[in-house]
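*Asks:* Following this message is one structure expressed as structure tokens.
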Amino acid sequence: MKSCVTISLVAEARGGPFVLWDDPIVGCRTAAELGYDAVEIFAPGPDAVDRRELRLLLEENDLALAAVGTGAGWVKHRLHLALPSETDRRRAIEFIRSMIDFGAEFGAPAIIGSMQGRSGPEVDRATARAHLCDALQELGEHAKQAGTVLIYEPLNRYETDQACTMADGVALLERLSTDSVVLLADLFHMGIEERSIAQGIRDGGKRIGHVHFVDSNRRPVGCGQTDFVPIIEELRRVDYVGYLSAEAFPWPDPLAAAGRTIDAFRWFTRRD
Ligand code: LER
Ligand code: MN
């Protein structure tokens, strides 16, 4: 398994669960100094970071881009994939397509988390899911053509009613005719929704393509109640070799949060 840390460049997401903030240059240097393998970038849009500069920055710091978040489509533009208006859903899809293309230039998949949306007064649950499936189908195929995959993230019940567990996520992906959509196992959401996180990892199995590595209280690993030993065991059992990406509150501060997570990563993966 490989280490990764999140960098948010989205001002509107302030207060959210991202470890490093605002400046990709400082963020990449910090990640590299701590020995991370990769960064996950939460960007306002596909053109927020100059691609040539980002390429140099990653090269200089010997970092990979593990994934790009698409949630700015929601926090900045109030778009998501289950909105009642077809025009707005199309705008949401186009935003995500542009983020897939941006990430693909760096070999990084895009993540659909908050952009999955939820049901509402004008859209019942079945319809919201149908809209989501249509979008995942189209965007998964788009990712495939771009040489990557699309990552779909089940979220806890306070954030979505689309899919909240790994088993729900698997059921959703089984409705698609593309194999280019994988699941994100966010250990914070799973702590709320799964019978046990290890069972959730078993349920997601080979479909898990990315992990948000975080403790029960959304603080860095080691600062909450989660027992990571059975989780790492289960990830090994399903042959997971992807990123454990620190998506946690910058607690007590960004540098300490990144430092605690890489220490925990090294401890839990010391046999790998
Ligand atoms: C949201 O709760 C989350 O976990 C993010 O990864 C997706 O926007
Ligand atoms: Mn997450």
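To keep it simple, each residue is scored yes or no on (1) closer than 28 Å to residue 271 by Cα; (2) touching a Lys or Arg at 6+ places or on another chain (Cβ under 9 Å); (3) more than 16 Å from ligand 2 (Cβ to nearest atom); (4) in contact (Cβ under 8 Å) with a residue 24 or more places away in the chain.
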site: 1; (1), (2), (3), (4): yes, yes, yes, yes
site: 4; (1), (2), (3), (4): yes, no, no, yes
site: 8; (1), (2), (3), (4): no, yes, no, yes
site: 15; (1), (2), (3), (4): no, no, no, no
site: 24; (1), (2), (3), (4): no, no, yes, yes
site: 37; (1), (2), (3), (4): yes, yes, yes, yes
site: 42; (1), (2), (3), (4): no, no, no, yes
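*Asks:* How many residues are away from ligand 1 (no atom under 14 Å from the Cβ) and either part of a strand (DSSP E or B) or touching a helix residue (DSSP H, G or I) at 6+ places or on another chain (Cβ under 6 Å) (or both) when one looks only at segment 183-201?
*Replies:* Selection size over segment 183-201: 5.
*Asks:* Can you find a residue in segment 187-195 that is of a type in the set (Lys, Arg), touching a Leu at 6+ places or on another chain (Cβ under 9 Å), at pLDDT 95 or above and away from ligand 2 (no atom under 14 Å from the Cβ)?
*Replies:* No, every residue in segment 187-195 fails to be of a type in the set (Lys, Arg), touching a Leu at 6+ places or on another chain (Cβ under 9 Å), at pLDDT 95 or above and away from ligand 2 (no atom under 14 Å from the Cβ).
*Asks:* Right, residue 150: within 13 Å of ligand 2 (Cβ to nearest atom) and buried (at least 22 other Cβ atoms within 10 Å of the Cβ) or not?
*Replies:* Against the criterion (within 13 Å of ligand 2 (Cβ to nearest atom) and buried (at least 22 other Cβ atoms within 10 Å of the Cβ)), residue 150 does not qualify.
*Asks:* Being under 26 Å from residue 139 (Cβ atoms), away from ligand 2 (no atom under 14 Å from the Cβ) and in a loop (DSSP other than H, G, I, E, B) narrows it down to one residue among 240, 158; which is it?
*Replies:* Testing whether each residue is under 26 Å from residue 139 (Cβ atoms), away from ligand 2 (no atom under 14 Å from the Cβ) and in a loop (DSSP other than H, G, I, E, B) leaves just 240.
*Asks:* Which pairs do you get when a residue that is among the acidic types (Asp, Glu), found in segment 176-200, comes within reach of a residue that is within 12 Å of ligand 1 (Cβ to nearest atom) and at pLDDT below 95, reach meaning Cβ atoms under 6 angstrom, with the pair 6+ apart or on two chains?
*Replies:* Cβ pairs passing all conditions: none.
*Asks:* Go through segment 185-200 and report how many residues are within 12 Å of residue 214 (Cβ to Cβ) and out of contact with any Lys or Arg (no Cβ under 8 Å at 6 or more places or on another chain).
*Replies:* 7
*Asks:* Taking segment 134-147 as the search range and keeping residues that are buried (at least 18 other Cβ atoms within 10 Å of the Cβ) and out of contact with any strand residue (DSSP E or B) (no Cβ under 6 Å at 6 or more places or on another chain), which one is farthest from residue 110 (Cα to Cα)?
*Replies:* 135
*Asks:* Looking only at segment 92-115, count every residue that is surrounded by fewer than 17 Cβ atoms within 10 Å (Cβ to Cβ) and over 16 Å from the mean Cα position of the chain (by Cα) and tell me the total.
*Replies:* 4
*Asks:* Still on this structure, I have one more. If the requirement is being closer than 25 Å to residue 140 by Cα, among the basic types (Lys, Arg) and not in a strand (DSSP E or B), which of these qualifies: 29, 78?
*Replies:* 78
*Asks:* Looking only at segment 57-74, filter to residues that are of a type outside the set (A, V, I, L, M) and within 16 Å of ligand 2 (Cβ to nearest atom); which one of those is nearest to residue 32 (Cα to Cα)?
*Replies:* Selected residue: 69.
*Asks:* While we're looking at this one, here's another question. Would you please list the contacts, defined by Cβ atoms under 6 Å and residues six or more apart or on different chains, that run from a residue in segment 140-155 that is at pLDDT 95 or above to a residue that is among the hydrophobic types (A, V, I, L, M, F, W, C) and part of a loop (DSSP other than H, G, I, E, B)?
*Replies:* Note: pairs meeting the criteria are 143/149; 154/163; 154/164.
*Asks:* For segment 118-155, which positions are more than 15 Å from the chain's Cα centre (by Cα) and either outside any helix (DSSP H, G or I) or among the acidic types (Asp, Glu) (or both)?
*Replies:* 118, 119, 120, 121, 122, 123, 124, 134, 138, 141, 146, 147 - these are the residues of segment 118-155 that are more than 15 Å from the chain's Cα centre (by Cα) and either outside any helix (DSSP H, G or I) or among the acidic types (Asp, Glu) (or both).
The values are calculated or read from the model by the stated rules, or taken from the named source; none is laboratory data. Source: prediction; values computed, not measured. Here the Cβ is made from the backbone with ideal geometry for all residues, glycine too, and neighbour counts use every protein chain on show.
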